[in-house]
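A short write-up of the structure that comes next.
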Amino acid sequence: MGRKSSCLPPIECPCKRRLSFFIDADIRLQPTTIEHTLSLVKKRNASLLTGFPHFPTTSVLSKLLVPMQHFLVLFHLPLVMANLTRRPAFTAAHGAFMFFHHDAYKKIGGHKAVQSSLVEDVALAKEMKRSKETVILANITHEVSCYMYETNKEVWNGFAKNAFPGIGRSYLLALGISMFYITTFVSPLALAFIGLFTSQLLYVIPLLLIWTLKAYIDWTTNQKNGLFFLMPFSALMLVIMLHYSIFLALRKKGYEWKGRRYS
C-alpha cells in the first residue's frame, strides 16, 4: 500500500470472533467508528469490511483527482454489485481501512499472500472472495478521513502508481477507459461552449447531467465543496495520469511513492 500501516490488537466483536483492524498512519477516526463498523460486520456477517475514506483536498491536483476515487467506485462498481457477489471481478478496497475477521485473514495467508501485488488491498479483498468469504465495501466517509496526499507531487506519484496496475495492466481496457472518459465527461464541456455561442441550449444538457452525477456522488461521499464543476478537467487529468502510468510501466523503472520505488 505504500503508506505506513498498523494493525490494532485483535479485538472481540459481539459475534465472539476475533477481528484484525488495519489502518494507515494518516487515518483519522470518529469516536463512533469502531462501534458502527462492528455493528455492520455483525449485521452482514462479513469477514472483511473496507471502504474509501473522506479525502480532504488541499492542492490543485488533489481537488481534481482525489474525489475521483469515489466516483470511479460508485460509477463503475456500485456498492450493491460489490457487496452482493463474491466474484473477484466485482471488487474494490482501500488499504487505509480494512477490518477483518482474524480467522479468515489467516486462512488466506494475510498480507504475505499478496506481497507481490502493487495494489495489495484489492488483491486481499479478491482473495477473501475466492475463499467464499463475505466482503463489504461500505461508505465510510462520515466516519473516516484520510490525509493521504498533501502536495501535488504526492497526488501525481500516488495516482501514477495505482492507475495502470489498478486495471490489471490491460492496454485494451486503458484504451477503452480513455475513449469513454474523453467522450462522456470531457467533450460535453466543449459541446456546452458551442451551444452557448450558437444559442443551441440543448448542447448544454450533457454538461449539466455530468455535473449532477458528480455532485450527487460528492454529496454522498462527504465532499461538499463544489468540486463537481471541475468534472471535465478531472476526467481529462485521470486519462493523462493513466497514460503516464502506462509510460512508467513501459520504461520498467517502477513507480515512486513516499521515497520508495515499486515495480
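How much of the accessible area of the stretch 127-214, in percent, comes from carbon and sulfur atoms when a 1.4 Å probe is used?
Numbers: 3210 of 4680 Å².
Carbon-and-sulfur percentage of accessible area, whole number: 69.
Put a dot 7 Å past the Cα of residue 253, heading toward its Cβ, do the same for residue 216, and the two dots end up 4.4 nm apart.
Can you say what percent of the DSSP beta bridges in the chain, counting only those with both residues inside, are antiparallel? Round to 5. Counting DSSP beta bridges with both partners in the chain, the antiparallel share is about 75 percent.
Accessible area of residue 90 (1.4 Å probe, protein heavy atoms only, ligands and nucleic acids ignored): about 60 Å². Accessible surface calculations at 1.4 Å, restricted to protein heavy atoms, place the chain at 51 Å² per residue. Residue 169 exposes around 90 Å² of accessible area when a 1.4 Å probe is run over every protein chain in place.
Legend: residues 201, 72, 48, sorted from most to least accessible area (1.4 Å probe; ligands, DNA and RNA excluded), read 201, 72, 48. Subtracting the Cα-Cα distance of residue 173 and residue 72 from their residue separation scaled by 0.36 nm leaves 34.9 nm. Shape class for the stretch 79-170, computed from the alpha carbon gyration tensor (a ≥ b ≥ c): prolate, with a/c not under 1.5 and a/b above b/c. For 114, 119, the ranking by accessible surface with the largest value first comes to 119, 114, using a 1.4 Å probe. The helix-only estimate of mean residue ellipticity at 222 nm for the chain, built from DSSP H runs of length n ≥ 4 each weighted as -39500 (n - 2.57), is -14500 deg cm²/dmol after division by the residue total. Residues 156, 219, ordered by accessible area of protein heavy atoms at a 1.4 angstrom probe radius and largest first, appear as 219, 156.
The values are calculated or read from the model by the stated rules, or taken from the named source; none is laboratory data. Being a predicted model, the structure only gives us computed values, none of them experimental. Note that we place each Cβ from the backbone using ideal geometry, even for glycine, and neighbour counts take in every protein chain shown. These area figures cover heavy atoms from the full protein model, side chains too; ligands, DNA and RNA do not enter into them. Shrake-Rupley method; radii C 1.70, N 1.55, O 1.52, S 1.80 Å.
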